[in-house]
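Here, each number is a calculation from the coordinates, and none is a lab measurement. Remember, predicted model here, so these are calculated numbers, not experimental data. Neighbour counts run over all protein chains shown; Cβ positions are idealised from the backbone, glycine included.
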Amino acid sequence: MKHLSDFPLFAENQFTLQKASEDTSKTPPVCMVSSKRNAVDFDTVKTRYTSCLRLRNHSAASIDAMYEYEDAIVFVEFKNGNKSVNRNINDKLRDSLLIYCDITKSTISDTRTDVIFVLVLNDQKIKEKTKIHMNVAQRSENTQYDFVKYKGIYFSDVCIITADEFEERFC
């Protein structure tokens, strides 16, 4: 497994998972987790990456954060609020995975064994609703939750968990 600190673009764009989980649409801003674990600010990485290519920032979507945990790289997306999981998760995963692979010179074979995607939701009700939709997604290509199909092909695991479960399991 490659270490994120070996890549300047990752090493220079660090923040805490607490900051990554911050919902700035609320006044005052609310953090979903309190973990002080360092992570890569993947939104900033994406911005700098697209800028170097002389592309607009909206040319790519990005996950919130990425960090090393045990023998894996964790891609994490935080979703706070009562709305359903937004439809651009597939875009965020695809673009972030491609950017990660380009920067690290990794292959999909590498990410299939080394990278986990975690979607962190703010409460159990949303998690249960999302799990129902995920079960449907596993049988159908036409749903906003079809990113679960990436387990085993692009990621070693795809998890949907609450903020509390995230802190217990991944922090």
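Sort I116, I63, I73 so the one with the fewest other Cβ atoms within 10 Å of its own Cβ comes first.
Details: I116 19, I63 27, I73 24.
Least crowded to most crowded, the residues run I116, I73, I63.
Shape of region 6-88 from its Cα gyration tensor (a ≥ b ≥ c, root eigenvalues): rounded if a/c is under 1.5, otherwise prolate when a/b > b/c, or oblate? Let's see the in-between values first.
Numbers: a/c = 1.78, a/b = 1.18, b/c = 1.50.
Judged from the Cα gyration tensor, region 6-88 comes out oblate (a/c at least 1.5, b/c at or above a/b).
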Check your understanding: Simple spin-label model, 7 Å along Cα-to-Cβ: C101 to S156 in nm?
Key -> 1.8 nm
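Assuming 0.36 nm per residue, please report the length gained on full extension of the stretch Y69 to T27 beyond their Cα-Cα distance. Provide the component values of the computation, followed by the final result.
Values: separation 42, 0.36 × 42 = 15.12 nm, distance 3.15 nm.
Full extension from Y69 to T27 adds 12.0 nm.
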Revision key, fill the gap. Here, D91 and K2, labelled 7 Å along Cα→Cβ, have an inter-label distance in nm of 2.5 nm
